[in-house]
Number of protein chains: 4
Amino acid sequence: MRLALIGAGRIGKVHARAIDEHPEVTLAAVADFHAPAAEALAAEYGARTLDADTVFEDDEIDAVLIASSTPTHADYLERAARAGKAVLCEKPIALDLARTVEALRVLESHPVTCALGFNRRHDPQFAALKRAVMEGRIGNLETLTIISRDPAPPPTEYIGASGGIFRDMTIHDFDMARWLLNEPIAEVHAEGSCLIDPGIGAAGDVDTAMVTLITNSGRLCHISNSRRACYGYDQRIEAFGSAGMLQAQNESDTRLRFTGEPGQVEGKPKWFFLERYAEAYRHEIDDFVDAWKQQRAPLAGADDGLQALRLAEAAERSRHEGRRITLDEID
Amino acid sequence: MRLALIGAGRIGKVHARAIDEHPEVTLAAVADFHAPAAEALAAEYGARTLDADTVFEDDEIDAVLIASSTPTHADYLERAARAGKAVLCEKPIALDLARTVEALRVLESHPVTCALGFNRRHDPQFAALKRAVMEGRIGNLETLTIISRDPAPPPTEYIGASGGIFRDMTIHDFDMARWLLNEPIAEVHAEGSCLIDPGIGAAGDVDTAMVTLITNSGRLCHISNSRRACYGYDQRIEAFGSAGMLQAQNESDTRLRFTGEPGQVEGKPKWFFLERYAEAYRHEIDDFVDAWKQQRAPLAGADDGLQALRLAEAAERSRHEGRRITLDEID
Amino acid sequence: MRLALIGAGRIGKVHARAIDEHPEVTLAAVADFHAPAAEALAAEYGARTLDADTVFEDDEIDAVLIASSTPTHADYLERAARAGKAVLCEKPIALDLARTVEALRVLESHPVTCALGFNRRHDPQFAALKRAVMEGRIGNLETLTIISRDPAPPPTEYIGASGGIFRDMTIHDFDMARWLLNEPIAEVHAEGSCLIDPGIGAAGDVDTAMVTLITNSGRLCHISNSRRACYGYDQRIEAFGSAGMLQAQNESDTRLRFTGEPGQVEGKPKWFFLERYAEAYRHEIDDFVDAWKQQRAPLAGADDGLQALRLAEAAERSRHEGRRITLDEID
Amino acid sequence: MRLALIGAGRIGKVHARAIDEHPEVTLAAVADFHAPAAEALAAEYGARTLDADTVFEDDEIDAVLIASSTPTHADYLERAARAGKAVLCEKPIALDLARTVEALRVLESHPVTCALGFNRRHDPQFAALKRAVMEGRIGNLETLTIISRDPAPPPTEYIGASGGIFRDMTIHDFDMARWLLNEPIAEVHAEGSCLIDPGIGAAGDVDTAMVTLITNSGRLCHISNSRRACYGYDQRIEAFGSAGMLQAQNESDTRLRFTGEPGQVEGKPKWFFLERYAEAYRHEIDDFVDAWKQQRAPLAGADDGLQALRLAEAAERSRHEGRRITLDEID
C-alpha cells in the first residue's frame, strides 16, 4: 500500500512512524499546509512531498491518511472516496452532525475502505477486555465505568474551536462505550463543571464532566472526564457483569517498586496518548492495511464517528437542559 | 456506660460483640420483640433481658442502641431522647422525611448524645482517605467516585419494605459523599435499571443504579450501585483532585498470591459488611462512648441521617422524572 | 481453662490481651520477677498475682503460659510438666541443645499439652499458604524463599545474651521452613555479615544473613534476614513448585493508594510483630486451648523448638567453617 | 554502521529485527553455517549472504554480530578484533576460562569496540533499578535477591553441551549481580538439585539451584534458579539497603484484571526472553552503535563475560565440594 499522509503535525508524525515500521505500507508522500513541516517529515522517511490537492489525483497513491486540522477532514474524506482511495481519517469527521452525515452519504455512493482514528479500540489492553467480555467472561455485562483524564488542559484558544469537551475529549469514551456495550445507546445524561481553568469556563465549556449512558436493554455506563490529572494520562475501564468484573488499569513505564519513605511506590501512569497508545497506533495501521487487502470493514469506520458525535450532541444538550436526552431527539 | 441493646438480630449481634470488647461499656440489657432472641444474646454476654418499653425508664441504663426493625427507629429514638439517654440509632431514622424531621425536633428539645449508624465513616481505610483529603493531600477535591455493590440481592419481600434502592442501599453512599465532599450538595441526577432480579423490578424498584451529585461549588460525585456482585462486597472510593488521587481499595482475607493457571491470583474481596466493616463497628462504639463522655457530637448524627435521606428522595424523583433535581425541591 | 501467665513484659501483655478475648480461658494469675509489672497487668484483667514458684502448686491453675526471660524457660517448662499443667512456652526452650533435650526428656516422662510459641504458624496468611501447598496447589514444592527483616536492630547489650542471629531471629524462619517443607532438612549452609551496626559485629554476631537449607529429597530453601528494614517488618514467603508459585505478601494498615507525586503510593508494611501478628497471637491461644481440650498435639510443640535450634546450630557452624553442614553433625 | 550478522537462528533473528529498526545500522550481510537460514533472513531484510570466513575481510563491513553456536564465539571474536571490526558477541565467549582469557588477550592487542550480549543490563526496568541504586535511593545496598526461572527446561541433549546450569543460565544472574553490587565479589557458595527432569541429573547437572555471593565489603547476594516455571519467565530482582528496597517485578502482556472466580486475576508473566527482553535487545543495539561512534566502552564488554564465567566456575566447584569458594581460587 502506497500511502499519502496529509498533515505533518504531532499526530501525523505518530502515524508516519507506525507506517514506516509496517512491512506492507510505504509512506509515499506527505502533504501539509505548512510546507517545511511536510518536507521535514518526508525527508525523514524518504517520501515525496505533495500538495494536498494533487494527492487525490495521483495514481501512485493507494490510500490517504488524513491527519490535518479538523475543519479539513470531511472535505478530504469525500475527495478520497471520490478518487477511490482507501482512507484512514483522524477523528472527528466534522464537529457538526449535518456535515458528518453529508460525508457519510458520499462514502455510501463511493464505497472505499474507510477507517476512523478511534485509536483506543486498538489498544492491547482494551482489546483484551473487549474479547473477554465477548467471550462471556463476566456473564451479562451490566455496567461500564470509563475514567478518562488528560494530563493537562489544552490552551484556552484551542477550547473555542474544539466543539467542547464532549465533542473533543469524551468522543473517545463514547466510542469505547458503544464498542464495549455492543448495543444501541438509548439515553444520555451529562453534567459538567469548570473547576480547573476559569478560561475554559469563560469559553462556555467545562473541564470536568460526568456522563451516564443507558442502553436499550438498560445497561448503565458512567464516563468521568477531567482535563487535568497531575499524575499523567488516566485511562481506565471497568466492565461489571453477572459473573465478574474486568478492569483495564493504567500502565507505567516500568514495574519497578520502591519501599521506604513514603511507602510502597510504583511509577506514575504514562504521561499522555503518545506514550500510552504507541502500540495502538501501530495496530491501527495493521487493521487499516488488512481491511484494505481483505476488503472488509475496519475496526472503526465513518459511521462510528457519526454515532459518537450524536452522543456528544446529546450530552451537550443534557448538560444545558438538565435532563435525560433520548437519542431519538438527536438527528 | 451501661447500655441497653434493642434488637437482637444480625446487626444487634455485631454491636453486642463490639460492646463486649469495649473496656468502658457494659451490655446491661437486651430487648427484642422476639423474646428468645433477646434471651440468647443476653445470656451470651451476661446481660439482663428487658422489655423495650421499660428500657427507657430504667435508671441503670445510660444509653440505648437501637438495632430493631426500621419502622420502630424514630419512636425509640424519641423516647430515648425524652428519657435523657444517649442513643446510637441504626440508620435510617425513618424511611420518610416527615417522620425523620419530627424525630429531629424531639432531639432538639431534648438534647442527648445521638449517633447514627453510618458505620462506613468509622472504617479505617475510608477514615484515612478522609484525613488525607482534609490535609490537602490531593489539593482541591474535584470529583468523587463511589462504587458500592452488595454480594447478593435481598429477598424480593424485603424490597417492598425497603423504601427502594436509594433509601435502603445508596443511603450509605450518600452519607460518604456528603462527608467526603464536605460542602452542601446542590443537585442530584439518578438513573437505574432492573438487570439482576425481575422480582425487584416487579416491586417497582431497580437493582442497578448510577447517581451524579453536584455540590455548591461544582464538584461532581458519581455513585455506582449493584445489588449483586458475584465476587463479594465491592466497596471502593476514589477521590480525585488538583494534586492527585486517593483510592480506597477492596480488602481480602489474605494477601496470599498464587501464580500459575489461570494467572496471578489474589483472593476475592471480603464477602459482606460483617467481614468488611468488623473494625468499623468497633470504632463506632468507641466514638459513641467518647462523644458521650466528652459531651461532643459523634462522627455521624441524626441530621446526617436526614440529609442523606433528602438525597435519596431527590435521586428517586430524578430517576422517575428524568431530570436533574435541585435539593431545594426536597423538603 | 484457668491460666497463669509468667512474665508481664511486652510479649506477656500481648498474650494477656489474647487470653482475655478468648471465651474459654480465664487469666487467673500473673507472675513476674518484677512485682509491680505483675500487679499492673493483673489489675487490668482482674487476675491475681502469684509468685512464679507457687504457680505450679496451685490447684486452681490448669495451664501456664511462660513469657518470662529466656534463661527461665526450660526450668518453668519442666516444673509445669511435673505439675501436670498444660503449658504454652515462648520460644526458645533454651539457647543450647543440651538443656533443650533435657527439658524434652522431662516432657516425655510427664506428658502434658505443650505448645511452643512459634506464632507465625498461626498467621492467617502463612496458614493459608501452608494449606494451599498441602492441597497440591503448586504441585511438588521445589523451592522456598523466606524473607524476614526486623524494623530495627535490638540494643547491642541484647545481642550478647541472644545466642546470635540464627538462634534469636532466624529460629522463626527455620521453623517456618520445617513446617512448609514438610520433610527432614538434611543440610544447611549459612553466610552472614555485619553491615548495619558495628556493635553487633563487635559482639561476635552478624546483622545480615543468608541461609540455604536442603531437604532429604533435594528441595532448596533460602532464608534472608536483616536486623533493620527502615520501612517496617518485612515478612514474606514464596513457595515455588511444579504447578505454580504462592507468595505471602507484606500487610499494611490500609489498602489506601495515593497517585501523584512521587508516583502510585501505598502504605508501608506493618511496623513490627505486635501489629503484624496480632491475629496470630489470638489463633495461638485458640489452638492451645483446643489442643488441651481435645488432648491432641498443638500446632507447634517442644520438639519443633529442638529441631529449629539444631538448624540454628548448624547455621552458626556453617558460617564459621565456610562449609555445608549436615544435620547429622548436630546432636 | 554496516553490520554483518553471523548466525541466523532464533537469537540471530531477534537481533536482525532490532538492527532493522535502528536508523543508523544497516544489516549488510548474513552468514550461517546452514545456508538456507542465512538466505531466508538476508532476503527478509534485503541483505547479502556471506560466508562467515569472508565477513572479516570485507571492507564494506564495519561491525560483526556473533550469534552463532557457542563453540565458534571465541574464534570469530578474535578474527573480528584482528580485522579491526566492532563486534557484538553473544554470551558466552567460551565455556572455559582459558579460552576466554586467550580471546581477551587478542582484544587487548587489537582494541575494537567489543560488546557482550548480557541483554538484561539493557532492560528498562533493571536499568531503572540500577540507576536508582546508584543515585542512593536505598542508601547503602546490603543485599540483592535475584530470582530467575526459565519457563521450560531445554532438551536433555542441550544440557551436555551447555556447560551446566551455572555457565549456561546463572551466568546472566552473575552478571546482573556484578553490575548491581558494583564491587568485587569475594566468595561464592552454591547448592543445586535435580527436581524437574531426571535426564538433567543423568547428564551430571542440576535444574534447581541457589547461590550465595559475598562481596569484598560483605554485601550478600542470593540467586535462585529453576529450569521450569509453569507460569512463564520469572525474572525478578530485589535490592535492599539502609534506606529502602527496590523490586523489579515480572511483566505481563496487559494490566487487565479479572475479579470473580477464582479471585482477582491478572495475566501471567511474559513467556520467555523474546517477549520479556524485546526492548532490551533494541537498547543493546543502541548502546553498541553509540559506543562505536563515541569510541567508548559498551555497557557490557568482554571482561564482564570473563568475570561472570569465573563466578560460574566457583559456583560449580562449591556445589561439588560443599564449601564456600573464594574467587582467588579461580584463575
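Values quoted throughout were computed directly from the atomic coordinates according to the rules given, and no laboratory measurement underlies them. Everything numeric here is computed off the predicted structure, so don't read it as measured data. All Cβ positions, even for glycine, are placed from backbone atoms using ideal geometry, and neighbour counts span all protein chains on display.
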When chain B is treated as a GNM, springs tying every alpha-carbon pair under 10 Å, which of B:D58, B:D150, B:D168 comes out with the largest mean-square fluctuation?
B:D58
Among C:V25, C:L107, C:A83, which residue has its Cα furthest toward the positive end of the charge dipole of the range C:2-112, with +1 on Lys/Arg Cβ and -1 on Asp/Glu Cβ?
C:L107
For a 26 Å ceiling on Cα separation, which of these pairs sit above it: B:K268/C:K268; A:K268/D:K268; B:K270/C:K91?
B:K270/C:K91
For labels at C:D286 and D:D253 in the simple 7 Å Cα→Cβ model, what's the distance in nm?
4.1
Determine ³J(HN,Hα), in whole Hz, for all residues of the range A:136-151 in sequence, where each value follows from phi through the Karplus function 6.51 cos²θ - 1.76 cosθ + 1.60 and θ = phi - 60°; x replaces Gly and Pro.
x, 4, 10, x, 7, 5, 10, 9, 10, 10, 10, 10, 9, 10, 7, x
Would you mind computing, in nm to one decimal, how far apart the modelled labels at B:N140 and D:E135 are, each placed 7 Å from Cα along Cα→Cβ?
3.1
Need the list of aspartates and glutamates near C:K293 for cross-linking: C-alpha distance under 17 angstrom, and skip anything on the same chain fewer than eight residues off.
C:E24, C:E60, C:D62, C:E284
If you draw the axis that swings chain D onto chain A, which residue of D has its Cβ closest to it, and how far is that in whole Å?
D:E21, 4
Cβ-Cβ cut-off under 12 Å around C:T54, Lys and Arg +1, Asp and Glu -1: the net charge is -4
If one puts a single equal scatterer on every Cα of the range C:2-112 and applies the Debye formula without solvent, what log₁₀ I(q)/I(0) results at q = 0.12, 0.16 Å⁻¹?
-0.37, -0.65
Partner shielding of A:237-246, as the mean number of partner chain Cβ atoms within 10 Å, equals 6
Would you work out the charge dipole size for the range C:51-177 about its Cα centre, treating the Cβ of every Lys and Arg as +1 and the Cβ of every Asp and Glu as -1, and quote it to the nearest 20 debye?
680
Along its principal axes, what span do the Cα atoms of the range D:88-218 show, with the longest given first and each in whole Å?
46, 39, 28
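For the range B:141-238, would you read off the P(r) tail past 15 Å as a percentage of all alpha carbon pairs?
Counting every Cα pair in the range B:141-238, those more than 15 Å apart make up 59 percent.
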With +1 on the Cβ of every Lys and Arg and -1 on the Cβ of every Asp and Glu, the dipole magnitude of the range A:2-112 about its Cα centre, in debye rounded to the nearest 20, is 300
HN-Hα J in Hz across the range D:270-282 - Karplus 6.51, -1.76, 1.60, θ = phi - 60°, x for Gly and Pro
4, 5, 7, 5, 4, 7, 5, 10, 3, 6, 4, 5, 5
Assign unit charges at the C-beta atoms only (+1 for Lys and Arg, -1 for Asp and Glu), then state the dipole size of chain C relative to its Cα centre in Debye, rounded to the nearest 20.
840
Listed residue (D:A152, D:P92, D:I11) projecting farthest to the positive dipole end of the range D:1-154, Cβ model
D:A152
In the range A:131-207, which GluC sites (Glu not before Pro) fall in coil by DSSP and have 12 or fewer other Cβ atoms within 10 Å?
A:E135
Got a sec to turn the phi values of the range D:19-33 into Karplus ³J(HN,Hα) couplings, 6.51 cos²θ - 1.76 cosθ + 1.60 with θ = phi - 60°, whole Hz, x for Gly and Pro?
5, 4, 7, 7, x, 9, 10, 10, 7, 7, 8, 10, 10, 7, 3
How much FRET efficiency would the formula 1/(1 + (r/R0)^6) give for A:T156 and A:E24, where r is the Cβ-Cβ distance and R0 is 56 Å, rounded to 0.05?
0.85
Other-chain or far-sequence residues with amide H under 5 Å of C:D207's (modelled H):
C:S193, C:C194, C:L195, C:I196
Computed from the beta carbon distance with a Förster radius of 51 Å, FRET efficiency for A:F272 and C:E275 to the nearest 0.05 stands at 0.80
Show me the trypsin sites (Lys or Arg not before Pro) within the range B:266-314 that DSSP assigns to loop and that have at most 14 other Cβ atoms within 10 Å of their Cβ.
B:R296
Provide Rg and Dmax in Å for the range A:193-313, with only Cα atoms included in the calculation.
18.8, 57
Per-residue [θ]222 nm for chain B (sum of -39500 (n - 2.57) over DSSP H runs n ≥ 4, rounded to 500):
-11000 deg cm²/dmol
For the B:E183, B:V106 Cβ pair and Förster radius 25 Å, calculated FRET efficiency rounded to 0.05 is 0.35
Which residues make up the longest stretch of chain B clear of chymotrypsin sites (Phe, Trp or Tyr not before Pro) that lie in a DSSP loop with no more than 15 other Cβ atoms within 10 Å, not counting the sites?
B:34-270
Taking the alpha carbon gyration tensor of chain C, what are the square roots of 5 times its eigenvalues, largest first, to the nearest whole Å?
32, 24, 21
Dividing the surface of the Cα convex hull of the protein assembly as shown by four yields a projected area in nm² of 53.8
